[in-house]
1. In the list Lys12, Lys5, Lys32, Lys23, which residue meets the criterion of being surrounded by 12 or more Cβ atoms within 10 Å (Cβ to Cβ) and charged (D, E, K, R)?
2. With the structure loaded, tell me whether Lys76 is in contact with a helix residue (DSSP H, G or I) (Cβ under 9 Å, 6 or more places away or on another chain), touching a residue at least 60 places away in the same chain (Cβ under 8 Å) and not acidic (Asp, Glu) or whether it fails that test.
3. Do you know which of the residues in region 41-67 that are of a type in the set (Ser, Thr, Tyr) and out of contact with any Ser or Thr (no Cβ under 7 Å at 6 or more places or on another chain) is surrounded by the fewest Cβ atoms within 10 Å (Cβ to Cβ)?
4. Consider Ile83 carefully, then state whether it is modelled with pLDDT under 95, among the aliphatic types (A, V, I, L, M), more than 16 Å from Asp8 (Cα to Cα) and surrounded by fewer than 16 Cβ atoms within 10 Å (Cβ to Cβ).
Amino acid sequence: MSVIKEIDEFVKSMPMDYEFSTKWFKTELSKKYNRSEDCYIPSDYCYNRKNNGINYDKQPHYFLYIKRGKYKYVGKNYTHNGIVEHKPRRKKS
């Protein structure tokens with residue numbers, strides 16, 4: 001199963017408007033699907049956030065970015081009319 005399909009399956013059990021941390025998201029998915037936590041990047045699936053390396057228009061969206069390390073589940077059919085912030089991933093030194 002692909003990471004995208006794993007996330008799609010995982011979010012089905014999340015209550016609407018549930019707020020969560022990056023750490024919780026990565027840990028829970030890693031435990032459930034036995035992949036590295038680094039495979040799961042919640043900001044890649046946000047309506048209001050765009051990362052380099054992700055095709056925003058084709059990527060599924062489930063979350064709103066609230067602040068660093070904090071997200072809110074709003075579902076796959078959420079209507080977002082606000083600004084989409086572009087936040088490139090940090091380069092590893």
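1. Being surrounded by 12 or more Cβ atoms within 10 Å (Cβ to Cβ) and charged (D, E, K, R) holds for just one of Lys12, Lys5, Lys32, Lys23, which is Lys32.
2. yes
3. If we take residues in region 41-67 being of a type in the set (Ser, Thr, Tyr) and out of contact with any Ser or Thr (no Cβ under 7 Å at 6 or more places or on another chain), then Tyr56 is surrounded by the fewest Cβ atoms within 10 Å (Cβ to Cβ).
4. Answer is yes for this residue.
The values are calculated or read from the model by the stated rules, or taken from the named source; none is laboratory data. What you see is a predicted model, and the numbers here were worked out from it, not measured in a lab. With ideal geometry, Cβ positions are generated from the backbone for all residues, glycine too; neighbour counts draw on all protein chains shown.
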